[in-house]
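*Asks:* Have a look at the structure that comes next, please.
Each reported figure results from applying straightforward, stated rules to the coordinates on display, with no laboratory input. Remember, predicted model here, so these are calculated numbers, not experimental data. With ideal geometry, Cβ positions are generated from the backbone for all residues, glycine too; neighbour counts draw on all protein chains shown.
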2 protein chains.
Amino acid sequence: MPPSTGDHPALHEALAAEDHRTAAGRVLSVLDVFDQDHLELTLSEISRRADLTLSTAHRLVGELRDWGALERTTEGRYAVGLRVLELGTLEPQMLQLRDVAPAYLADLQSAVKANVHLSVRDGHDVVYVESLQRHSGAHVLSRLGGRWPLHTTATGMVLLASAPAAVRQEVLASPLKRYTDHTITDPDTLRRMLAEVQRTGVAVLRETITLGTFAVGVPVRGPSDRVVAALSVTLKIDGSLTVHQVLPALNATARALSRALGTATPGTSPSRPLGPSVRPFAV
Amino acid sequence: MPPSTGDHPALHEALAAEDHRTAAGRVLSVLDVFDQDHLELTLSEISRRADLTLSTAHRLVGELRDWGALERTTEGRYAVGLRVLELGTLEPQMLQLRDVAPAYLADLQSAVKANVHLSVRDGHDVVYVESLQRHSGAHVLSRLGGRWPLHTTATGMVLLASAPAAVRQEVLASPLKRYTDHTITDPDTLRRMLAEVQRTGVAVLRETITLGTFAVGVPVRGPSDRVVAALSVTLKIDGSLTVHQVLPALNATARALSRALGTATPGTSPSRPLGPSVRPFAV
DNA sequence: CCCCGGCTTCCATCGGGCGGAAGCCGTCGG
DNA sequence: CCGACGGCTTCCGCCCGATGGAAGCCGGGG
């Protein structure tokens, strides 16, 4: 960034493209430097990645550490702290879903013997709220809190199809990131598929993220029939199961889950869902 | 807080106990107002609870919302955003554990038919990283990211027993919060129990949080035999199972999990744990 | 030995965060 | 109908504390 402006110290002001971040923005910049590929960073790395002077980074990191937002690893590097996780679990949608959903997901999984996902929409992304892997240990792509663009996953398509028209237009107008040869990147195709999803209530996406798999997604509705989440099953393309074979179980589970959610909101204080009405395929 | 200082406006300065928070501190104050019992708040509630003027709260909340740390509910209130959850899942210990642990926990659970917990230490608290409930739907006490003081849970005792001496002394010197009649609140008793845990490698706590249940905890070790987590089983007191009946399975699972973790660290880049060596009670 | 990179502490300055105030909106009650 | 109220949003001038430069510390390596 600062490649010898030394020659003309006079114009360093002009070139240095002032920093218009607010104090709060700088704090968030620090948090922003951590991602999947940067779990642990030294202070100087943070300062570089966040584009903050070392002294500022030092002070902010210190305050964040005191609060628990960051923690110091044994090797002296910094990482996101458990306090952030604790705070994150207070997100209301996800809190409610994680309360009732696991049982339904487990039943569905044992019925179809495949990976099962429950997701909600956050802006233009789909976020995993709960997932069950067939052979646990492969949490790779579907980590809790994991994000994908809406157009790349079955649950994303379901959520996009039922999102406010404004959101749909924004997504259709924005560049559609490609992950495989089969990722749908053409707005017109996407528009057509969305219409189809709206008509049928089911989204089927083939190899849009991972080659060799396809996913089937359906909506989960909360009180007043609003779509609050999406449920999906991911299958191997050369596997034994077809869309039509899993669809009944998927739909039944989604509807049972919807019913369980629907009962939860009349009272403002979450009036215990009592017994999860009907759980198809219950053990 | 401001009970009619109006009479003597002159001394409002003196009484008003200046606010020594930094800008970053105020940002964190805003996040701090959200907890288990305050999932959604209006702007004014936030401003009151965080002790910020309305205009300041307004601006900070706006910035946090733009970043995704907060979101606006349909009713116009504010809540923690999914971005926080996403960030929280980057916490390294928890990330590694959640990658490999689920399979082991599932095996253990199906072997003992009881609730199973995996926890790590964060300061003077124990934090749940993963848990399996016998009858799903009762995630109540053991929500992911949930916190308890170290002296109140079986996993906490295990982690405290293996924590640096400094931590142990701090906890022993601090007031030990009581939850039930059986919560251990006497430092001397705690010290004795810790010694016992260190000697035997097992912690058994009866009704220290919830009446009618007891829990058995054992350490989980990572590379270089450092204790990185604790594994526990929670049983009904009048149930059929005794400590001695679950201990073998618990120990075997903890050791298998330790081995799986141990293999993961030689290379600095997490060199895939390949196959989870031996999983006792595997299905 | 010195140099280098990373970290920590200190301090004067100045820009932007702060809070007061005014105005907007919807709701309730007289 | 109007007025009061609570909650929210916007605006703006002042002052203070965040900022970043600089100096000093530590450890490793050439």
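*Asks:* Per 0.36 nm of contour for each residue apart, how much would the distance between B:Thr185 and B:Leu211 grow if the chain were fully extended, relative to their Cα-Cα spacing?
*Replies:* 7.8 nm
*Asks:* I want to check the label-to-label distance for A:Asp37 and A:Asp19. Put each point 7 Å from Cα in the C-beta direction and report it in nm to one decimal.
*Replies:* Taking the two extended label points, one gets 2.4 nm.
*Asks:* For segment A:89-262, what class follows from the C-alpha gyration tensor (a ≥ b ≥ c being the square roots of its eigenvalues): rounded when a/c is under 1.5, otherwise prolate if a/b is larger than b/c, else oblate?
*Replies:* In terms of gyration-tensor shape, rounded.
*Asks:* Moving on to the next point. At what distance in nm do the modelled label points of A:Val243 and B:Glu196 sit from each other, each positioned 7 Å from its Cα along Cα→Cβ?
*Replies:* Here the answer is 6.2 nm between the modelled labels.
*Asks:* Describe numerically, in nm with one decimal, the distance between label points set 7 Å from Cα along Cα→Cβ at B:Arg226 and at A:Asp66.
*Replies:* Simple spin-label model gives 2.6 nm for this pair.
*Asks:* Per Stokes-Einstein, at 37 °C and 0.692 mPa s, what whole-number D in µm² s⁻¹ belongs to segment B:27-81, with the Kirkwood radius over Cα pairs as the hydrodynamic radius?
*Replies:* This corresponds to a translational diffusion coefficient of 307 µm²/s.
*Asks:* A further question on this structure: With contacts defined as alpha carbon pairs under 8 Å and 6 or more residues apart, what's the relative contact order of segment B:89-262 in percent?
*Replies:* 22
*Asks:* Given the convex hull over the Cα atoms of segment A:29-119, what projected area results after averaging over all orientations, in nm²?
*Replies:* 7.9
*Asks:* On to the next question. Would you kindly work out, in nm and rounded to one decimal, the distances from the label point of B:Thr53 to those of the same position in each other copy, ordered shortest first, with label points 7 Å along Cα-to-Cβ?
*Replies:* Here B:Thr53 shows inter-copy label distances of 2.7 nm.
*Asks:* Over all residues in B:63-71, what is the mean tally of Cβ atoms on other chains that come within 10 Å of each residue's Cβ?
*Replies:* Average neighbour count from other chains, rounded to a whole number: 4.
*Asks:* Contact order normalised by length for segment B:9-85, with contacts defined as Cα pairs under 8 Å and 6 or more residues apart; what percent is it?
*Replies:* Value for segment B:9-85: 26 percent.
*Asks:* Please enumerate, by chain and number, the lysines with C-alpha under 28 Å from the C-alpha of B:Lys177, excluding those fewer than 8 residues away in the same chain.
*Replies:* Within the straight-line cut-off, B:Lys177 pairs with B:Lys236.
*Asks:* Now, a different point. Measuring from a point 7 Å out along Cα→Cβ, what nm distances, shortest first, does A:Thr183 have to its partners in the other copies?
*Replies:* When each copy's label point is compared with this one, the spacings are 5.0 nm.
*Asks:* I'd like the GluC sites (Glu not before Pro) in segment B:29-109 restricted to DSSP loop residues with at most 13 other Cβ atoms within 10 Å, sorted by number.
*Replies:* Passing sites in segment B:29-109 are B:Glu75.
*Asks:* Rounded to the nearest 20 debye, what is the charge dipole size of segment B:9-85 about its Cα centre when +1 sits on each Lys and Arg Cβ and -1 on each Asp and Glu Cβ?
*Replies:* Computed charge dipole of segment B:9-85: roughly 220 debye.
*Asks:* I would also like to ask the following. Considering only the label points, 7 Å along Cα→Cβ from Cα, what distances in nm to one decimal separate B:Asp238 from the same position in each other copy, shortest first?
*Replies:* Inter-copy label distances (nm, one decimal, shortest first): 5.7.
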